[in-house]
Amino acid sequence: DITQQKQWELTLIAQEKHFRQIFEEASIAMALVDKDFHFTQINRAFENYLGYNEKELENKTFADITVDRFIEENRKHLLKLINGEISMYRTEKQYKRKDKTIVWGLVQVSAMHDQNGAFTSQLVMINDINDRKAAEESLLKSEEIFNQFMLNSPIYVFFKDNQIRSH
């Protein structure tokens with residue numbers, strides 16, 4: 001029946017439009033990367049996060065925008081992903097923005113497969129964790145200053161624990 005087939009086609013078109021809209025309007029940076037690790041699509045949040053538009057990323061891979069010390073670890077994860085040993089991985093790493101600043105991201109990469117189960121691409125989602133990393137660094141610096149003060153204090157300093165503990 002042609003009417004039913006036309007209805008299915010319209011439904012599929014509407015669903016595809018809906019999923020494209022979700023991808024584009026998501027608040028998390030997202031990218032689709034082909035099996036050769038080149039960007040095929042990015043969303044607005046990705047553009048805002050790293051400063052590159054889709055055209056500028058056309059001939060780049062994630063290695064081109066990743067801080068060097070994270071590249072080898074990334075390759076290990078990607079090999080496992082391609083070989084089907086894992087279906088996704090999550091890691092924290094730094095990126096080089098277009099304006100040359102360095103940013104932290106919590107990255108989740110998921111493998112995409114064709115109907116035969118062959119690896120075809122990746123869905124990459126990145127949460128901006130710069131504020132959290134700055135707070136962690138500030139806390140570590142504060143802790144180091146406190147420790148130095150305690151070690152170098154000319155007076156005897158101790159802490160008393162008022163908690164009652166039972167054994």
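Annotations
- Matching entry among Asp99, Asp36 (being assigned to a loop (DSSP other than H, G, I, E, B) and either in contact with a Gly (Cβ under 7 Å, 6 or more places away or on another chain) or aromatic (Phe, Trp, Tyr) (or both)): Asp99
- Condition check for Ser142: open to solvent by less than 90 Å² (accessible area, probe 1.4 Å) and more than 18 Å from Phe39 (Cα to Cα): yes
- Number of positions in the stretch 68-86 that are small (Gly, Ala, Ser) and open to solvent by less than 50 Å² (accessible area, probe 1.4 Å): 0
- Only one entry of Val67, Val107, Val103 meets the criterion of being within 23 Å of Glu136 (Cα to Cα), among the hydrophobic types (A, V, I, L, M, F, W, C) and out of contact with any Phe, Trp or Tyr (no Cβ under 8 Å at 6 or more places or on another chain), and that entry is Val107.
- Any hit, the stretch 77-95, residues being outside any strand (DSSP E or B), at pLDDT 95 or above, acidic (Asp, Glu) and closer than 27 Å to Glu136 by Cα: no
- Of Ile65, Ile129, all but one fail to be of a type outside the set (Lys, Arg), open to solvent by less than 50 Å² (accessible area, probe 1.4 Å), modelled with pLDDT of 95 or more and touching a Gly at 6+ places or on another chain (Cβ under 7 Å); the exception is Ile129.
- Annotation: of all residues in the stretch 22-42 being at pLDDT below 90 and open to solvent by 90 Å² or more (accessible area, probe 1.4 Å), the one that is farthest from Asn59 (Cα to Cα) is Glu25.
- Considered as a group, the residues in the stretch 39-71 that are assigned to a helix (DSSP H, G or I) and aliphatic (A, V, I, L, M) include one that is farthest from Trp104 (Cα to Cα), and that residue is Leu57.
- Selection status of Leu123, of a type in the set (A, V, I, L, M) and exposed (fewer than 10 other Cβ atoms within 10 Å of the Cβ): no
- Figure legend. Inter-residue proximity from the stretch 96-120: first residues within 18 Å of Gly84 (Cβ to Cβ), second residues buried (at least 16 other Cβ atoms within 10 Å of the Cβ) and of a type in the set (Ser, Thr, Tyr), beta-carbon distance below 7 Å, spacing 6+ or different chains. Indicated pairs: Val109/Tyr89; Met112/Ser121.
- Of the residues in the stretch 43-50, at least one is open to solvent by 80 Å² or more (accessible area, probe 1.4 Å) and without any contact (Cβ under 8 Å) to a residue 60 or more places away in the chain.
- When we screen Gln108, Gln115 for residues that are assigned to a strand (DSSP E or B) and polar (S, T, N, Q), the only hit is Gln108.
- Leu57 meets all of the listed conditions (1) open to solvent by less than 20 Å² (accessible area, probe 1.4 Å); (2) farther than 22 Å from Phe119 by Cα but one, namely (2).
The values are calculated or read from the model by the stated rules, or taken from the named source; none is laboratory data. Keep in mind that this is a model prediction, so the values were computed, not measured. Using ideal geometry, Cβ is built from the backbone for each residue, glycine included, and neighbour counts are taken over all protein chains shown. Surface areas here come from the heavy atoms of the whole protein model, side chains and all, with no ligands, DNA or RNA. Shrake-Rupley method; radii C 1.70, N 1.55, O 1.52, S 1.80 Å.
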